[in-house]
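Comments concern the structure below.
The values are calculated or read from the model by the stated rules, or taken from the named source; none is laboratory data. Keep in mind that what you see is a predicted model, and the values were worked out from it rather than measured. We place every Cβ from the backbone using ideal geometry, glycine too, and count neighbours over all the protein chains shown. The accessibility values were calculated without ligands, DNA or RNA, using every heavy atom of the protein model including side chains. Shrake-Rupley method; radii C 1.70, N 1.55, O 1.52, S 1.80 Å.
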Amino acid sequence: MESARRVTLSAAVFVSICFFLPWVQVSCGGVKDTASGFDLARDGDQMLWLVPLLMLAVILLGLMRVWKKMPSVFSLVSIASGLISAYLLDRERRNVEGLAGTRLTGWFWLGLFSSLVVLISTLIFYLKRSKPT
């Protein structure tokens, strides 16, 4: 159970870091530019601000040891955070894929994968926690 919690917190930290790394690479006529999740959120897609805020909530709840006192609260917040973050990143993927000369970077894919890890590892944590002994 402790390892699932550690995996959840580590993945939440990784999603938060990936938010500030390049997600989209644009190249046109020899000119290349990149945009991070921070850039995309600042330049119009306001919903993307939820990604680091939700991951920060998971990290804070984990560090405050809420997972010991109220495991259901920790699980609910973590599952919702992983699900919403994965949805928002997938929505961004769909927005970018149709544009000519753009591609998603490895940091984007690692952030999306880590969001799913937050979701799955929290489910494992909750199922192990709620299993009758």
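What's the total number of residues in the stretch 71-98 that are free of Cβ contacts under 8 Å to residues at least 24 places away in the same chain, aliphatic (A, V, I, L, M) and either touching a strand residue (DSSP E or B) at 6+ places or on another chain (Cβ under 9 Å) or surrounded by 13 or more Cβ atoms within 10 Å (Cβ to Cβ) (or both)?
Adding up the residues that qualify gives 2.
Does the stretch 50-66 contain any residue that is in contact with a strand residue (DSSP E or B) (Cβ under 8 Å, 6 or more places away or on another chain) and modelled with pLDDT of 85 or more? Working first, answer last.
Applying the first criterion (in contact with a strand residue (DSSP E or B) (Cβ under 8 Å, 6 or more places away or on another chain)) to the stretch 50-66 yields none.
So far as the stretch 50-66 goes, no, none of its residues is in contact with a strand residue (DSSP E or B) (Cβ under 8 Å, 6 or more places away or on another chain) and modelled with pLDDT of 85 or more.
As an exercise: evaluate Phe113 against (1) farther than 30 Å from Arg129 by Cα; (2) surrounded by fewer than 19 Cβ atoms within 10 Å (Cβ to Cβ) and give the number of the one condition it does not meet.
All conditions are met except number (1).
In the stretch 1-39, which residue that is in contact (Cβ under 8 Å) with a residue 24 or more places away in the chain, in a helix (DSSP H, G or I) and in contact with a Phe, Trp or Tyr (Cβ under 7 Å, 6 or more places away or on another chain) is surrounded by the most Cβ atoms within 10 Å (Cβ to Cβ)?
If we take residues in the stretch 1-39 being in contact (Cβ under 8 Å) with a residue 24 or more places away in the chain, in a helix (DSSP H, G or I) and in contact with a Phe, Trp or Tyr (Cβ under 7 Å, 6 or more places away or on another chain), then Thr8 is surrounded by the most Cβ atoms within 10 Å (Cβ to Cβ).
Residue under question is Arg129, and the condition is that it be under 16 Å from Leu21 (Cβ atoms) and more than 16 Å from the chain's Cα centre (by Cα); does it hold?
On the way: under 16 Å from Leu21 (Cβ atoms): no; more than 16 Å from the chain's Cα centre (by Cα): yes.
Taking the combined requirement at face value, the residue does not satisfy it.
Taking the stretch 99-108, which residues are touching a helix residue (DSSP H, G or I) at 6+ places or on another chain (Cβ under 9 Å) and open to solvent by 80 Å² or more (accessible area, probe 1.4 Å)? Show your work before the answer.
The initial filter retains those residues of the stretch 99-108 that are touching a helix residue (DSSP H, G or I) at 6+ places or on another chain (Cβ under 9 Å), namely 102-104, 107-108.
Arg103, Trp107 - these are the residues of the stretch 99-108 that are touching a helix residue (DSSP H, G or I) at 6+ places or on another chain (Cβ under 9 Å) and open to solvent by 80 Å² or more (accessible area, probe 1.4 Å).
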